[in-house]
Amino acid sequence: MRHHDHGEPSAHGQPPAVWIGRAHNRVQWLLAVAGAACLALGVDLAVDSPWGSGIAPLLMAVIGCVAAGLLMLFGTLAFVHVAVRVDDEVLEIRCGHMGLPRRRIPLSDVVHADVARKVTPCQWGGWGYRWRPEKGTAVVVRRGEGVVVRLGDGRVFTVTVDDAEAAVRVIRDRLRLIAARTSQI
């Protein structure tokens with residue numbers, strides 16, 4: 001399969017075989033460092049503290065620091081970047097280095113795609129994987145442009161990604177191809 005990062009059409013005017021876009025958030029790295037610091041503090045407390053002088057408070061401090069550190073570290077690293085992939089059948093969103101959380105939306109479920117010019121964490125209640133009853137679901141890793149897809153069941157999904165216009169163009173091309181195939185049947 002051919003790979004086009006920016007969704008350039010092929011020589012025959014067909015949409016690219018696969019479109020891949022990304023978005024990054026460098027601020028999340030600062031939060032990840034804070035999480036690593038909490039984790040290190042918990043380990044330091046566990047190793048260097050005198051366990052004989054009150055085990056319960058020390059144990060609670062160690063568990064609290066380790067838990068807070070792990071939550072901050074893994075919670076932020078999951079949303080340092082997002083990769084969006086569009087092929088003939090699926091819009092796939094993968095977050096972080098491990099690709100989790102991941103969302104796969106069959107293009108057969110998509111009825112419309114639009115560009116959102118200005119997606120902000122404030123609109124969605126913060127960075128990350130978000131849900132708001134009046135807006136739908138979103139993956140927000142940074143401020144800026146994003147892709148908004150409306151599904152046949154009325155749900156809406158938004159994802160921040162660089163070159164959202166190219167992604168929307170490819171999705172719309174795919175939707176036209178799917179419509180043409182189903183009208184021929």
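The values are calculated or read from the model by the stated rules, or taken from the named source; none is laboratory data. Because the structure is predicted, anything quoted here is derived from the model rather than measured. Ligands, DNA and RNA are excluded from the accessible area calculation, which covers all protein heavy atoms including side chains. Shrake-Rupley method; radii C 1.70, N 1.55, O 1.52, S 1.80 Å.
Computed quantities for the displayed model
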quantity	calculated
Solvent-accessible area of residue 59 with every protein chain in place, 1.4 Å probe, in Å² to the nearest 10	70
Accessible area of residue 122 in the full protein assembly, 1.4 Å probe (Å², nearest 10)	110
Solvent-accessible surface (1.4 angstrom probe) belonging to residue 105, in square angstrom, nearest 10	0
Tensor-based shape of the stretch 98-163 (alpha-carbon gyration tensor, a/c under 1.5 rounded, otherwise prolate or oblate)	rounded
